[in-house]
Amino acid sequence: MSSRVGVVTFPGSLDDRDAARAVRVAGAEAVPLWHADTTLNGVDAVILPGGFSYGDYLRAGAIARFAPIMQAVVKAAHDGMPVLGICNGFQVLCESHLLPGALVRNDHRKFICRDQYLIVENAETAWTAGYRHGQEIVVPIKNGEGGYVADERVLDEIEAEGRVVVRYARDNPNGSLRDIAGITNDAGNVVGLMPHPEHAVEALTGAGADGLPFFSWAAP
Amino acid sequence: MSVDTVKAAKKSPKQEQPYTELGLKDDEYARIRELLGRRPTSSELTMYSVMWSEHCSYKSSKIHLRQLAEKAPQTDALLVGIGENAGVVDAGDGWAVTFKIESHNHPSFVEPYQGAATGVGGIVRDILTMGARPVAVMDSLRFGRVDAPDTARVLPGVVAGIGGYGNCLGLPNIGGEVSFDESYVGNPLVNALCVGVMRKDAIKLATAKGKGNKVILFGAKTGRDGIGGVSVLASATFQDGDAKRPSVQVGDPFAEKVLIECCQEIFAADLIVGIQDLGGAGLSCATTELASAGDGGMRIELDRVPLREASMSPEEVLASESQERMCAIVEPAKVDDFLTICRKWDVLATVIGEVTSTGRLQVVWHGELIVDVPPRTVAHEGPVYERPIEKPPEQEAYARHDGSKLRRPGKGDELRAALLKVVASPNVADKSWVTDQYDRYVLGNTVLAQPENAGMVRLSSDTTRGVAISVDGNGRYSLLDPYTGAQLALAEAYRNVASTGARPLAVTNCLNFGSPEDPGVMWQFREAVRGLADACQTLGVPVTGGNVSFYNQTGHTPILPTPIVGVLGVIDDVTRRVTHAFRSDGAQIYLLGDTRDELGGSEWMEAVHNFLGGRPPAVDLDRERLLADVMIEAAREGLIESAHDLSDAGLAAALVESCLHGGLGAHITVPGGADPFVFLFSESAGRAIVSVPRRMDDSFTDRCAQRGLPCTRIGVVDVLSPALEVAGQFDVPLTELRGAWSAPLRTLFG
């Protein structure tokens, strides 16, 4: 039986239907979750999708963190449920302290949308087990505030613990420190990344299908 | 603060009124008095002034625009034609698509970011109003010379504004065009297009029918922004930008995003009788248009409108162009359900009035009647002008000084240098500095986006059906000959859509011109409209809507006349779409159509000689149709791997783009007897290049022969040598081409 993967919609979420479609393309069941809900409806995993939740007012992800559903997500994450935050979802995970660091405005001060080379550096997380360590993939990025920052101590720590999941290859698109594109928590169940694997699940409408393994682990 | 009421107006017939400051002429004011049989109240005067503005009433353009409807070809494809918020086209299998383009030029000059952002917001609401889910945007932009200081101020702001709004709305930007000419300094053009999708039986119209039905205003609160936007900003020539800033609206894309989702639920639950967005002229427009299209009567309690600033006067409330607002007509029994959905999305919704059978729009402010008018007189019976028309004397000079004496490159290195120069001209160069700031992936249905010939989206993830759209226009051609220029704009957009494999079905247009009070500009306008109407008739594609933007001039110098034409086509299987990138080694490259020595208004003349003159390329619409038919058939049958239309900078630009996009080289041979320069740089219309895999070679050339389409083999795609080589003339490595092509905008704008 395939997994049931919840996709949260906040007001201002944009890639929620894309994430749900990626889950379906991979063969799992997508379950819509609403920001005002307080339970996770029995799902096996949760995706916080991209977008501009609550208009990104105050700070990207800062208000979404206080949405009723996030209490349930944080609790489930601590209990080991796989949680994936994409772009705005990554920002929400950082604001919720499920992941360290923060995302700041791109160093060139512009929104950027392009197909991006990435290196998978941790193929052991709940979401990246379908990749090989060191595999180069192409996944679109699209963000205005995608610069990953953390203090040196934290950066050294996540590097030492192998918690950098994906790193920008060939060209850093936004000034992220140490070219970090995505990270995971200690347990490897929570992953946040700025690139959008849900936009790389079919060649017709995306940048190839390199993003599919992020979702296919949940299939039977 | 005293409020001017209908009662007071009857009592003080001689009271002076500031109608000139509101943009009304003496005879227009006299006409309002005649219609009402008294002086208007100050609120009524406000409504008439904004609704009778050039922008809303089309008073200078109406008599010419009629022919777009009169000459419209008969077609089964059109579900809703010209006159509604947007046209609706039958996309097959029960699907309908709606699309429209609209200008936001003056606001984008005054405040580039907000001007462009709210341009996107406005056109998206027009599409939403039809009952559709907006699924993509694109835009057509014009700026002054790339190195002009004004361009450095305006361009980055406009691009950031389009991106900032569209990205936050979650709509993919699937293309468009950008070009530069010094006439646009101080008068940039920002024409925004949106396309939406719905089921055929879900089309909504702007009508207020059914006595007792409620009028609900929902979305953002009403503030003091954008007051007089349509009358003060859009309908006059101006120079002092700063003083007009309060007339520019301020956008909140987050509010619009939740409004879109809220409307989708409301549509799905079938809760409305009619719906209208609030854009230019705000509530004045929405209430009078809804009432005119319905039973004719409506009563509004204006003091119920939620305000951002409590001290706003009723005149300000009626004229405000605050963004992200909609107005719906709802049966009383469905009001609760309607309000529940709004609450779910945290969208403010207020019942502000109801439909009546009085035949009049009556507006009440704290119990006092301040507006009592027949709504049609405001919305549809504004003044109509037959402006003087005179062909400008310099038209003859353009034809005489045709550039035939300009030095042309001879052979080899000279051609190579010309190619690199043209490829690096801002009009031809890589636009990814612009388009990389737009999300093209969101919604997961984008099949083609910039830099392709046309944008293409799948209608939904559970169908293979899709639509392709291209917007085109060439101000230089239109200056030389506006009739032909408008036709060439249509022909190019039509050809671009067909080259992707989609069947062109309908047209939208945005006519950007100088002051209609200038007889020379009116001549350009009349000629362009006539050209467009005639060409639409011949090509069998009706105009479904659009808009006119006048007063695009600085002092007495108008912009290049710039009719922008958008063409929408339908493709039943998006997996059969054709891109413009060369794809496989050994594919044969064919030039379709005839190449003549046509360089009037060309990119080569502009880039190399900074010269504008001559005649634009000749138009042959029957040929355009034939070319389109062959490309569509070839795409469907899998005969071709790539197709690229030939337009600005002719074959040279098309070859460079097809090579660079595919990352593959090409060997080109100049056909026997042809002049290599004309071969590369002519802008003859009705042409395209296609690449054909070897196994399809005979089938494809047989098809062209059968259909009588000239088809010349000009070369072959070559994987092993990454260069564009023109045999016996020159070769340029792709790295050098890419450097020249991609540098200009990135270098200038950082």
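Brief remarks on what is shown
- Listed by first and then second residue, the pairs with beta-carbon distance under 6 Å, at least 6 apart or on different chains, first residue in region A:99-114 and away from every other protein chain (no Cβ under 13 Å), second among the acidic types (Asp, Glu) and crowded, with 18+ Cβ neighbours inside 10 Å, are A:LEU103/A:GLU145.
- Matching entry among B:ALA674, B:ALA643, B:ALA607 (being touching a residue at least 60 places away in the same chain (Cβ under 8 Å) and surrounded by 23 or more Cβ atoms within 10 Å (Cβ to Cβ)): B:ALA643
- Residue check, A:ASP115 of a type in the set (Asp, Glu) and closer than 27 Å to A:SER53 by Cα: yes
- A count restricted to region B:692-750 and to residues that are of a type in the set (A, V, I, L, M, F, W, C), under 15 Å from B:VAL630 (Cβ atoms) and exposed (fewer than 14 other Cβ atoms within 10 Å of the Cβ) stands at 1.
- Test for A:ALA129: is it among the small types (Gly, Ala, Ser), over 14 Å from the mean Cα position of the chain (by Cα) and either more than 14 Å from every other protein chain (Cβ to nearest Cβ) or in a helix (DSSP H, G or I) (or both): yes
- Tally of residues being more than 20 Å from B:SER658 (Cβ to Cβ) and within 14 Å of another protein chain (Cβ to nearest Cβ) across region B:570-601: 4
- Selection count, region B:158-201, where residues are on the phi > 0 side of the Ramachandran plot and either more than 14 Å from chain A (Cβ to nearest Cβ) or without any contact (Cβ under 8 Å) to a residue 60 or more places away in the chain (or both): 2
- All conditions in (1) part of a loop (DSSP other than H, G, I, E, B); (2) within 14 Å of chain B (Cβ to nearest Cβ); (3) buried (at least 24 other Cβ atoms within 10 Å of the Cβ) hold for A:VAL139, with the sole exception of (1).
- The requirement of being of a type outside the set (Ser, Thr, Tyr), touching a residue at least 60 places away in the same chain (Cβ under 8 Å) and assigned to a strand (DSSP E or B) is satisfied by B:GLY569.
- Of the helices (runs of 4 or more DSSP H) entirely within region A:1-105, those holding at least 3 residues that are small (Gly, Ala, Ser) and closer than 20 Å to B:VAL442 by Cβ occupy A:16-25.
One line per residue, one yes/no per condition, for (1) part of a strand (DSSP E or B); (2) within 14 Å of chain B (Cβ to nearest Cβ); (3) in contact (Cβ under 8 Å) with a residue 24 or more places away in the chain:
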residue: A:ILE158; (1), (2), (3): no, no, yes
residue: A:ARG167; (1), (2), (3): yes, no, yes
residue: A:GLY175; (1), (2), (3): no, no, yes
residue: A:GLY188; (1), (2), (3): no, no, yes
residue: A:GLY206; (1), (2), (3): no, yes, yes
residue: A:ALA219; (1), (2), (3): no, no, yes
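- When the test is whether a residue is farther than 17 Å from B:GLN553 by Cβ and surrounded by fewer than 24 Cβ atoms within 10 Å (Cβ to Cβ), B:ASP147 passes it.
- Checking the stated criteria, A:GLU145 turns out to be within 14 Å of chain B (Cβ to nearest Cβ) and crowded, with 16+ Cβ neighbours inside 10 Å.
- Sole exception among (1) away from chain B (no Cβ under 14 Å); (2) at positive phi for A:TYR117, by number: (2)
- Here the helices (runs of 4 or more DSSP H) wholly within region B:387-440 that include at least 2 residues being buried (at least 20 other Cβ atoms within 10 Å of the Cβ) and touching a residue at least 60 places away in the same chain (Cβ under 8 Å) are B:412-423, B:432-435.
- Only listed residue being assigned to a loop (DSSP other than H, G, I, E, B), touching a strand residue (DSSP E or B) at 6+ places or on another chain (Cβ under 6 Å), of a type in the set (Gly, Ala, Ser) and surrounded by 24 or more Cβ atoms within 10 Å (Cβ to Cβ), chosen from B:GLY545, B:GLY514: B:GLY514
- Candidates are the residues of region A:22-57 that are facing chain B (nearest Cβ under 10 Å), crowded, with 24+ Cβ neighbours inside 10 Å and touching an Asp or Glu at 6+ places or on another chain (Cβ under 8 Å); the one that is nearest to A:PRO140 (Cα to Cα) is A:GLY50.
- Extreme residue, surrounded by the fewest Cβ atoms within 10 Å (Cβ to Cβ), among residues of region B:166-189 that are within 17 Å of the chain's Cα centre (by Cα), under 23 Å from B:ILE260 (Cα atoms) and at pLDDT 95 or above: B:PRO172
- Of A:PRO82, A:PRO68, all but one fail to be within 14 Å of chain B (Cβ to nearest Cβ) and not small (Gly, Ala, Ser); the exception is A:PRO68.
- Region B:327-345, residues that are touching a residue at least 24 places away in the same chain (Cβ under 8 Å) and either touching a Cys at 6+ places or on another chain (Cβ under 7 Å) or charged (D, E, K, R) (or both): B:GLU331, B:LYS334, B:ASP337, B:ILE341, B:CYS342, B:LYS344, B:TRP345
- Looking only at region A:148-179, and only at residues there that are over 11 Å from A:VAL120 (Cα atoms) and hydrophobic (A, V, I, L, M, F, W, C), the one that is surrounded by the fewest Cβ atoms within 10 Å (Cβ to Cβ): A:ALA160
- Taken together, the residues in region B:346-361 that are within 19 Å of B:SER49 (Cα to Cα) and either without any contact (Cβ under 8 Å) to a residue 24 or more places away in the chain or crowded, with 20+ Cβ neighbours inside 10 Å (or both) amount to 1.
The values are calculated or read from the model by the stated rules, or taken from the named source; none is laboratory data. Quantities reported herein were computed from a predicted structural model and do not represent experimental measurements. Using ideal geometry, Cβ is built from the backbone for each residue, glycine included, and neighbour counts are taken over all protein chains shown.
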